[in-house]
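Enquirer: Once you've had a glance at the structure underneath, I'll fire off some questions.
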Amino acid sequence: MSSSTNRRVFREYVGAQQSEVNLTDVPVNPNVGEFHFILSFAIDYTSDSAPQPTNGNFSPSWNTSHHTPEAVAGFKRRHPDGPNIPKARVMLSVGGDSVMERANVFFSPVDEDSWVRNAVESLSAIINNYNLDGVDIDYEHFRTDAAMFTRCIGRLLTELKARKPGLITSIAPYSDTESSTPIYGRDTTDQDDIRYYNTQANNNFAGGRVLAAINTNRPGRHQHRQPGCGPPGVQRAEPERLPGIFFWSADASHNQNQGFTYEARAQQMLANN
Ligand SMILES: *[C@@H]1O[C@H](CO)[C@@H](O)[C@H](O)[C@H]1NC(C)=O
Ligand SMILES: *[C@@H]1O[C@H](CO)[C@@H](O)[C@H](O)[C@H]1NC(C)=O
């Protein structure tokens, strides 16, 4: 497949773990379709020692002195759009697991209308300030029912897209957002991965583009598969169907001094097929 027709996407979360990694540190393979960084996370919580929800008034929880609008612009300047090169894009992710590991981040609107109104205004301001290209939804804990979450997020994304046509959107399913999402154990096999991936891609999210996940973090809170296991197995089995891979996270890879070898290997895989 020539790179001009390769639409496979590589994405990596960055910022949540406050490492010194710079966007320009991660290698970009010229033959992947798109390369997305996802700044993590915009949260609607206060930033004091006892974080409280702010009903949709979002602010960045990444280090804003480090991942600045200038850093985003610099990364995009280094990878300008053109024929046969990947589209380098920077998104933000909304939600996440915790406020600096001090408290869980709950989806907890006061009411639908005020949460949506506040979220549209505050996220638009961040998107404009950083000139961001997309929004990823990654809530992991909920104080409302699924119907309320779906309505709020649906309205939020619709209004953000109306303000910025072409905005990329995605959602990271968690056990509460997608009831059949299992927690990956470290003993999960390639076969388990392929079966799980196919269930998600063909049934639960049929019609959507379902990416496979690789975690470079130490085993712990986030029990996704470790690198080298699942997605390569998925890829071997379904080479023409895997639309992309996402990594959690650039901070973890930096902290573990892995030289971004897993990122490079995953992109090579996406580029080759
Ligand atoms: C990131 O960039 C800053 C500013 O150029 C630099 O001081 C810092 O050393 C870089 N971080 C790493 C991990 O190389
Ligand atoms: C945030 O980034 C700045 C600039 O890179 C750095 O000096 C500072 O130590 C960082 N703060 C934290 C909490 O990591």
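Enquirer: Express the accessible area of region 78-162 per residue in Å², computed with a 1.4 Å probe while the remaining protein chains stay in the model.
Expert: Working: 3720 Å² over 85 residues.
Each residue of region 78-162 exposes 44 Å² on average to a 1.4 Å probe.
Enquirer: Right, here's the next one. What Kirkwood hydrodynamic radius do you get for region 51-118 when you take the inverse of the mean 1/r over all pairs of distinct Cα atoms, in Å?
Expert: Working: mean 1/r = 0.0676 Å⁻¹.
Averaging 1/r across every pair of different Cα atoms and inverting gives 14.8 Å.
Enquirer: Based on the mean of other beta carbon atoms within 10 Å per residue, what is the order of 243-251, 59-67, most packed first?
Expert: The most tightly packed comes first, giving 243-251, 59-67.
Enquirer: Can you give the extra length, in nm with one decimal, that the chain gains between A50 and E121 once fully stretched, where that is 0.36 nm per residue apart less the Cα-Cα distance? Write down the numbers at each step before the final one.
Expert: Numbers: separation 71, 0.36 × 71 = 25.56 nm, distance 2.45 nm.
Result for the pair: 23.1 nm of gain on full extension.
Enquirer: Determine the share of region 106-165's accessible area contributed by carbon and sulfur atoms, expressed in whole percent, with a 1.4 angstrom probe. It would help to have the intermediate numbers written out before the result.
Expert: Working: 1400 of 2710 Å².
After summing per-atom areas, the C and S share lands at 52 percent.
The values are calculated or read from the model by the stated rules, or taken from the named source; none is laboratory data. Since the model is a prediction, treat every value here as computed from it, not as a measurement. Neighbour counts are summed over all protein chains in view; Cβ atoms, including those assigned to glycine, are modelled from backbone coordinates with ideal geometry. Ligands, DNA and RNA are stripped out before the accessible areas are found, and what is left, the full protein with its side chains, is counted by its heavy atoms. Shrake-Rupley method; radii C 1.70, N 1.55, O 1.52, S 1.80 Å.
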